[in-house]
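Following: one structure in structure tokens, then a few remarks.
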Amino acid sequence: MSGRKNLGEFEQLLLLAVMRLGDDAYGVTMRREVEARTGREVSLGAIYPTMARLERKGLVSSFASEPTGERGGRSRRCFRLEPAGRRALEEARSMVDAMWKGFEEGKVGT
Amino acid sequence: MSEPIQRRDLPRGIRLLLRLLPQEYRDACEGDLIEEYERYVIPSRSRRAAKVWLWRSASKGALVGFGYRLYDLFTSESGTSDGRGGRHPRMGVGQMDIVAQDLRYALRRLVASPGFTLVAIVSLGLGVGVNTALFSVVNAVLVRGPQVADPGSLVEVYSETTEELQIGVSSWPDFRDVATLTDVFDGVTAYEMFFASQNQEDGSDLVLGELVSASFFKVLGVTPVLGRGFLPSEDEVPGRDPVVVVSQAFWKGRLGGDPGVVGRTLRLNGGLYTIVGVAPEGFTGMWPALSMDVWAPSMMMDQLMAFGNEGRYERRGSQSVFIKARLRAGVPLARAQAASSALAARLLEAYPEVDERLDFTLTPTLDVSVHPLVDKALVPVAGMLMAVVGLVLLIACTNLASFLLARGADRKKEVALRLALGARRGRLVRQLLTETMLLALAGGAVGVALADWTVRLLTRFQPPLPVPISLDLSLDRTVFLFALAVSLGAGMLFGLLPALQSTKPDIAPTLKAESHRGGAGRTGRLRSGLVVTQVAVSLVLLVGSGLFLRSLIAAQAIDPGFQAPEAAMISFETRTSGYEDAEALVALRQLQERVAAVPGVDAVAAADRLPLSASLSLEDFQIPGHEPPEGREGIALDAVSVGAGYLDLLQIPILSGRGIEASDTGGSEPVLVISQAMARRFWPGEDPVGQVIRTRGRDVRIVGVVRDTKVRTLGEAPRPLAYSPLEQNYHSLVTVIARGQGPAPETLAILRGTLNEFDPNLVIMSETTMPEHLGVMLFPARMAALLLAVSGGLGVLLAAVGLYGVVSYGVSRRTHEVGVRMSLGADPGSVVGLVIGGGLRLVIWGAAIGLGLAFAVTRAVERFLYGVSATDPLTFLGVPLLLLAVATLAAYVPARRASRVDPVTALRSE
């Protein structure tokens, strides 16, 4: 591995959630997206620090939405996937795909 | 839709929790929490479930976020070296250094004064320990709930009928109708508990099981680890499919953990059952505290629990099962409720003969701990117990705060110097808090270890109850989080005040030579206040334990009205054992003859239940001249069926007429023997012998009056009780009592042996001895007294340590003063008196406040007391005296040290 760290599983899940949600990616929607698709319970307390790390790596960017009367008057922290983030996701996927090559789905293990 | 939720609508505790998150994204998180709560959670859950969600999400989010924060803090140093380009925006290397520095500093200081550190850790450990231990019980009974998949979408379906006691049970046909509501429910299951005897070559064992619908495991999302759950076809034809799923514990224990167990058979109540599956670890059925051994399809009910009630699977009037349903995804509770109520209305119309009223009410499973009725009784008791141990923790924390204050005062000069040199106060407070947090964590660790030990003791202990209680008291994640939260919370709460106090920026006076005598001011008052609090709180605990101890002693001295100290008894079910009632009565007579013939057995008798049993049986009586209550056919009174010799064996004296005799058989005139209380209530001043009353649709003649016995509880006032001859009123569950010459366990062994020889397939429900039986009654009183005595004892111990600390600290501050006094000719005795007097003044204040509190608080427990009033003078006088004695001792030790001060040294110590 060329000095750069690979994406962790959780990081991948969050990045994929951002990608799927497009313009609507923020804490609540991301949490529900990951939960609905994977059944994995995600804590808000884990999303933000992880996203901050991804942002520091330049994979996502974030901005605060205009506060409305809802949400107790708190603004949303929205995320957007950066080109580098998309590349990182694709790399992660091709790595996994490469390892799976040659196995038909469902024929491993059992 | 109601008003949008504002930030201030969030409970304060949640806002505090969120403070654990860094400023950077705290607001966004808070907004997310409110948004999800308002938009998704409130509409789909009950109020309580929604609240639970909110607290769970907030605390989990805050703790996880805090964890990340700590992690980032400690890893950001290495972060710069792993080639990451970006800089940590908020938490720089400097911050990390500061935390590490604080930790090092705190550790150094704690190690430097091992005595203080030890006392603080042990104090906190005791407090956290008792709290965690008790909480693990509360957790197992009330919090954890059954181990099923996604409990959030499960609902309890309770039947509401005209029954007086709304237990919520339904009939099996009702269940099958509810199961048709497939547009709102994803699946529906029903279950009912049964006892059966497992027949083995060497006698039989009692097994506890649940009769369930075929859908049971599927609906609950419980996957057997071996084999499978039930197939729909196995619950279709009555009696056709004798299959069982066994529990993990049963498999590992009685079946030896055989990996090939699926396909093997079990003999239950004489029939062979094929094992089709083994339930996963941790799944013990639907009731906390009870561990099921087996599950069987409901269609096997006639074989497993007939009790003369065959064919219940098609009887609508026979309500005995609990129903659970899983809501279809996206279906709101209200819609499912409407569908269920509509079904109930249809059923009511279709079967008007069953009942005048029927409704199904849905309650989210997460809102129920055991059962709404049980919860209502248990939750206040659990709350009270937690409050008691909470007080112990309070005393422990007060010690901690008091010590921290003392140390803070000692460090005043150092702190003042650092403030003068430009240190920020926040920084100093943080440093002091780091120390407290370390103490709290260490105390918490000691507490968890203590709790673990206590819980191990508790699990080994089997309360004397008719069903085997098995609580899984393992310290799970919830318990750990509880312990962590309690310790950190305590540390934070009781560390902050001293930290703020000792960093007060009153630099100038402190830096001036005032170092010795000056510190006594505010800090001293605060510490004195803490001691007063401790004494007051431990006095309340001690008064409580005193009252319960006195009550226990009084209860043990109660005359239950019957005497059979060495009797042993075994209960069994004759219908399940294969006897028709008439056969059973014949067999029962033969059995009694056999037991009586065993050398060493003095007397033997039978009854359908014993006085002071957990079960209770009421019968309606129509008594001339006495109107039954509105809407009832008769006056409901406690009733018991007994055989000849029963009154003799229990030494219940006959006051008038005769007792139940062997000549009172099914063929002879129906008779009744009544208790004195019943005679007094219905025939005051008359002899009721010869009176005829009606019960169960026939006339019965009263032939005798016997002395009162306790019927339901030891503490009750004399209660009317009617004795029928067993042969005239037989219900298939019978208890045989034997009195021998030897001790009770020996008699029990004789009884068991004879029974086994008589019929090895008898379905034994319970066996016990009289001392054990009476022990059940005293069990709650014993537990309450024990818990309070332990709490009170711990409280006093901790308060004594606290007092000792305060007094000895005071002595060390007053060395100078003492030196002056002694050099002026004061004798050591008067110095001791002076110092002790100072300490005792605090104790007397505390005791006075504590007495006031105790008067108010013990009112609340009055109904749990027996034979002692909530304002028992002995307790209220004795406890303060005891406390005073302990306090004097705690103050005497440092006082004596003060009197030995060498005046010259003391004066030089300036």
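Laid out as a table, the results:
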{"quantity": "Within-13-Å neighbourhood charge of residue B:698 [Cβ basis; K, R +1; D, E -1]", "calculated": "-1"}
{"quantity": "Value of Rg/Rh across the stretch B:392-436 [Cα atoms, Kirkwood radius]", "calculated": "1.08"}
{"quantity": "Residue-averaged [θ]222 nm for chain B, counting only DSSP H segments that reach four residues, each worth -39500 (n - 2.57)", "calculated": "-16500 deg cm²/dmol"}
{"quantity": "The stretch B:328-392: trypsin sites (Lys or Arg not before Pro) falling in loop per DSSP and having at most 12 other Cβ within 10 Å", "calculated": "B:357"}
{"quantity": "Label-to-label distance, nm, for residues given as residue B:620 and residue B:888 (7 Å Cα→Cβ offset)", "calculated": "6.7"}
{"quantity": "Within the stretch B:172-258, trypsin sites (Lys or Arg not before Pro) in DSSP loop having at most 16 other beta-carbon neighbours inside 10 Å", "calculated": "B:228, B:240, B:254"}
{"quantity": "Kyte-Doolittle mean at least 1.0 and Cα axial length at least 30 Å: DSSP H helices in chain B", "calculated": "B:114-138, B:372-410, B:477-502, B:522-556, B:770-813, B:828-858, B:873-899"}
{"quantity": "Extension gain, residue B:430 back to residue B:658 (0.36 nm per residue minus Cα-Cα distance, nm)", "calculated": "73.8 nm"}
{"quantity": "If the convex hull is drawn through the Cα atoms of chain B, its volume per residue in Å³", "calculated": "228"}
{"quantity": "Projected label distance in nm at residue B:449 and residue B:826, using a 7 Å step from Cα toward the beta-carbon", "calculated": "4.3"}
{"quantity": "Highest to lowest packing among B:530-543, B:745-758, scored as the average C-beta count within 10 Å", "calculated": "B:530-543, B:745-758"}
{"quantity": "At R0 = 56 Å, FRET efficiency that the Cβ-Cβ distance of residue B:504 and residue B:862 yields, to 0.05", "calculated": "0.75"}
{"quantity": "Residue B:265 versus residue B:587: modelled label distance in nm, points set 7 Å from Cα along the beta carbon direction", "calculated": "2.2"}
{"quantity": "Distant alpha-carbon pairs in chain A (separation over 22 angstrom), percent", "calculated": "40"}
{"quantity": "Selection from B:475, B:390, B:748, by position along the positive dipole direction of chain B (Cβ)", "calculated": "B:390"}
{"quantity": "Relative contact order computed over chain B (Cα-Cα under 8 Å; 6+ residues apart), in percent", "calculated": "14"}
{"quantity": "Contour minus Cα-Cα distance for residue B:477 and residue B:150 (0.36 nm per residue)", "calculated": "116.0 nm"}
{"quantity": "Gained length - residue B:488 relative to residue B:761, 0.36 nm times residue gap less alpha-carbon distance", "calculated": "92.5 nm"}
{"quantity": "Loop-located GluC sites (Glu not before Pro) in the stretch B:155-231, at most 15 other Cβ atoms within 10 Å (DSSP)", "calculated": "B:163, B:164, B:201"}
{"quantity": "Nearest-0.05 FRET efficiency for residue B:107 and residue B:55, computed from C-beta distance (R0 41 Å)", "calculated": "0.75"}
{"quantity": "Nearest-0.05 FRET efficiency for residue B:46 and residue B:186, computed from C-beta distance (R0 25 Å)", "calculated": "0.85"}
{"quantity": "Residue-averaged 222 nm ellipticity for chain A, from DSSP H runs of 4+ at -39500 (n - 2.57), nearest 500", "calculated": "-16500 deg cm²/dmol"}
{"quantity": "For the protein assembly as shown: rounded, prolate or oblate by the Cα gyration tensor [a/c cutoff 1.5]", "calculated": "oblate"}
{"quantity": "Averaged over B:22-29, number of beta-carbon atoms from partner chains that fall within 10 Å", "calculated": "6"}
{"quantity": "Among the listed pairs B:324/B:376; B:218/B:252; B:51/B:376; B:51/B:218, those beyond 25 Å (Cα-Cα)", "calculated": "B:51/B:218"}
{"quantity": "Dipole magnitude (debye, nearest 20) for the stretch B:610-767, charges at Cβ of Lys, Arg, Asp, Glu", "calculated": "280"}
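Every read-out reported here was derived from the displayed coordinates using simple, explicitly stated rules and does not represent laboratory data. Computed from a predicted model, the values in this text were never measured in an experiment. Quick reminder, even Gly has a Cβ in these numbers, built from the backbone with ideal geometry, and neighbours come from all protein chains shown.
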